[in-house]
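To start, the structure under review is shown below, and the notes come after it.
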Amino acid sequence: MFVFFGVVLFALVTTLGKRLINNNAVALHGSANELAELRVAKLLEQPSAYTALAIGNSHTLAIDFETLEVDGYYLWHEGRDLFEIEYQLAQLLPQLENLETVYVPVSYFLFDWDTAAQEALTQDRIIMYRSTLGTWPIATDRRNFVSAVLQKAMPVNAEVRDVYLSGLGFQLAQTLGIPYTQEGRYQLRADGLLDQPHWHGCGYMEPDALETFTREKTVYGHLLALEEIKNTRPDVRQDSYDALLRLSNFAAAHNIELVLFTPPYTDSYNRLIGEDVITGMETLIQQAQLETGLTYVDFSRTDLSFDHTLFMDSDHMNKCGAQAFSAQLKDALNKR
């Protein structure tokens with residue numbers, strides 16, 4: 001009876017939300033959350049087609065599968081943390097029968113990052129659950145898991161879900177945790193990347209603009225997020241480290257080669273992010289290497305860092321940069 005009245009109340013509230021939507025509401029320009037679900041669905045259309053998987057945050061895009069000469073797939077999402085990588089791989093691996101290698105980017109802030117600890121990114125965690133829903137949540141995150149289960153069980157009105165809401169209707173939808181999507185907007189390539197030249201071109205920023213962008217946007221944003229996470233999740237570093245150990249053991253148990261890598265970053269990013277952030281990551285990754293023998297290669301401060309034409313912004317390589325880095329990565333892995 002309680003469930004029945006709950007469903008009725010949910011229907012009434014979403015209907016009210018629809019009525020509150022501004023008549024001039026505009027379609028959302030882009031939904032990263034929709035892409036997260038589409039990427040998983042695309043991967044599972046031909047799960048046996050791939051021998052390699054690049055999974056993690058946006059630094060995953062430094063990998064170029066053509067240069068590595070492997071049939072790979074990009075399962076990345078902005079801000080993806082170690083808990084989510086571990087979770088997704090555990091859910092998907094049984095279906096990826098030909099998978100041999102998993103590439104995971106090790107950003108400077110990898111051990112200090114928890115998507116669910118940031119209020120603005122909570123919906124990202126829910127969408128991650130929705131795209132690869134298992135029978136259990138990440139240990140410290142039952143609330144978002146329950147939200148994902150409820151969202152999948154109770155589809156909402158398309159007009160509420162698929163437009164960018166304004167005014168009171170927008171606030172109501174946020175409270176309900178309704179994701180905003182636009183049916184059919186995105187087309188993914190076979191490797192999971194957007195079928196748009198912007199995502200696989202060689203555009204770059206001029207040095208002065210890059211320096212300003214790095215200082216005022218990238219580094220400022222990263223440090224602000226890290227401070228919020230530290231205050232919300234004081235144990236995040238140890239929990240992330242434990243997640244990495246489990247991930248390493250899980251890969252080994254399934255005969256999967258786990259390749260951890262830190263891609264090249266621009267010299268401006270390396271100078272401005274702070275040495276304490278960098279050394280904090282380095283200390284833990286070295287400790288994990290000693291404990292598990294995992295494969296880790298660090299290209300964060302190589303000669304590529306000083307060529308701004310290889311980067312689309314502070315800490316993301318463009319297509320030309322990804323090709324140059326992947327050639328070096330391939331050589332490094334072959335020399336082991």
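So here's what we get for this one:
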item: Two-site FRET efficiency, Q286 against M154, from Cβ-Cβ distance with R₀ of 41 Å, rounded to 0.05; result: 0.30
item: GluC sites (Glu not before Pro) restricted to DSSP loop in segment 94-153 with at most 15 other C-beta within 10 Å; result: E97, E100
item: Percent breakdown of C-alpha pair distances by 10 Å bin, ordered from the shortest bin, for segment 180-336; result: 9, 28, 35, 25, 2
item: Label point distance in nm, R336-R246, each placed 7 Å from Cα along Cα→Cβ; result: 2.3 nm
item: Distance in nm between pseudo-label sites at Y220 and T295 (7 Å out along the Cβ direction from Cα); result: 4.0 nm
item: Net charge contributed by nearby residues that have their C-beta within less than 9 Å of H308 (K/R +1, D/E -1); result: -3
item: Alpha-carbon centroids, segment 264-294 and segment 45-85: separation in whole Å; result: 21 Å
item: Dipole of segment 213-336, positive end: most advanced residue of T292, T218, Q328 [Cβ charges, Cα centre]; result: Q328
item: Set of lysines with alpha-carbon distance to K330 below 20 Å, sequence-local pairs under 8 removed; result: K319
item: Ascending count of other beta-carbon atoms within 10 Å, so fewest first, for M281, M154; result: M154, M281
item: Other-chain or far-sequence residues with amide H under 5 Å of F261's (modelled H); result: V104, V106, V297
item: Using θ = phi - 60° and Karplus 6.51 cos²θ - 1.76 cosθ + 1.60, couplings along segment 133-143 (whole Hz; Gly, Pro as x); result: 5, x, 9, 9, x, 4, 3, 9, 9, 6, 4
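All of the numbers you see were taken from the coordinates with simple rules; none came from a lab. Every value quoted in this text rests on a predicted model; they were computed, and no experiment measured them. Every residue, glycine among them, receives a Cβ derived from its backbone with ideal geometry; neighbour counts consider all protein chains shown.
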